[in-house]
1. Let's test the formula: R0 of 30 Å, r as the Cβ-Cβ distance of residue 71 and residue 20. What FRET efficiency results, to the nearest 0.05?
2. What translational D, rounded to a whole number of µm²/s, comes out for the range 54-130 from Stokes-Einstein when the hydrodynamic radius is the Kirkwood one over Cα pairs, at 25 °C and 0.890 mPa s?
3. Filter the GluC sites (Glu not before Pro) in the range 35-110 to those in DSSP coil with at most 16 other Cβ atoms within 10 Å of their Cβ, and list the result.
4. For every helix of n ≥ 4 consecutive DSSP H residues, a contribution of -39,500 (n - 2.57) applies; sum these over the chain, divide by its total residues, and give [θ] at 222 nm rounded to the nearest 500 deg cm²/dmol.
5. Tell me which residues come under 5 Å, amide H to amide H, from residue 50 once H is placed; ignore anything under 5 positions away on its chain.
6. Please sort through the DSSP H helices of the chain and keep those with an alpha-carbon extent of at least 15 Å along the long axis and a Kyte-Doolittle average not below -1.0.
7. Only sites in a loop by DSSP and with at most 16 other Cβ atoms within 10 Å count here; which chymotrypsin sites (Phe, Trp or Tyr not before Pro) in the range 59-147 make the cut?
8. Applying the Karplus parametrisation 6.51 cos²θ - 1.76 cosθ + 1.60 with θ = phi - 60° to the phi angles of the range 88-93, what ³J(HN,Hα) value in whole Hz is obtained for each residue in order, glycine and proline being reported as x?
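Computed from the coordinates by the stated procedures, all read-outs in this text should not be read as laboratory data. All values derive from a computational prediction rather than experimental measurement. As a convention, Cβ positions derive from the backbone with ideal geometry for all residues, glycine included, and neighbour counts pool all protein chains shown.
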Amino acid sequence: MASVSIFVGSVYGNADNLAIEVKNKLEGLGHQATVYEGGTMEQLQNASNILFISSTTGSGDLPENLQPLFMQMQSQFPMLTNKKVGVIGLGDISYGETFCGAGRQIDALVQELNATIPIERLDIDACEHFEPWEPTGPWLMRWAAHL
C-alpha cells in the first residue's frame, strides 16, 4: 500500500485532531501515514503522497507552525511532479473572502509546483461542521482511491 505524509498547520488543535483521525483511517485502509507538525523541506521532498491539513488564522493566513515550510516552498520551488497531493482547509465562512485562506494558498502553491491533484481541495466551514471529520471522511475515501 501507499505511504502518506500529512503536514499540519494548527492554531487551536482542530487541524491536529483531524490529522490524527485521517492518519488512523488511512492506516485502517492499509496505508502507512505519518503526521508532521508543520514539517520540513526534507520531509516534503521525501514524501510520496502528501496531505496538507490547515486551519486559517488572522486574515486568511497560515498557522505559525506551517509558515516556515510554506515560505521555503515558495522560495526554493521544489517541484512536486509525480507526487499526489490533497489539501484540507479549515475555516469559518463568516470571515468572508479570507475563508479557508490557508488551504487556498497551499492549494495554489502545490499546483504551481506541478503536484498531481487527484481531487479538489476540501474546505470545511466550522459554522456548518463542528466535527470536521464529517465532510473529511467521504473526501478522504475518494482521495485515497487514487493512491
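1. Working: r = 26 Å, r/R0 = 0.85.
The calculated FRET efficiency here is 0.70.
2. On the way: Rh = 12.8 Å.
D = 192 µm²/s.
3. Taking the range 35-110 and a limit of 16 other Cβ atoms within 10 Å, the loop GluC sites (Glu not before Pro) found are 64.
4. Numbers: 5 runs with 55 residues, N = 147.
The helix contribution divided over the chain gives -11500 deg cm²/dmol.
5. 5, 84, 85, 86
6. Working: long enough: 14-28 (21 Å, -0.62); 101-112 (17 Å, -0.27); 133-144 (16 Å, -0.63).
Membrane-span-like by this criterion, though nothing is claimed about a membrane: 14-28, 101-112, 133-144.
7. Working: sites: 70, 95, 99, 130, 133, 139, 143; in loops: 99, 130.
Listed in order of number, the matching sites are 130.
8. So the Karplus estimates, Gly and Pro as x, are 10, x, 10, x, 10, 4 Hz.
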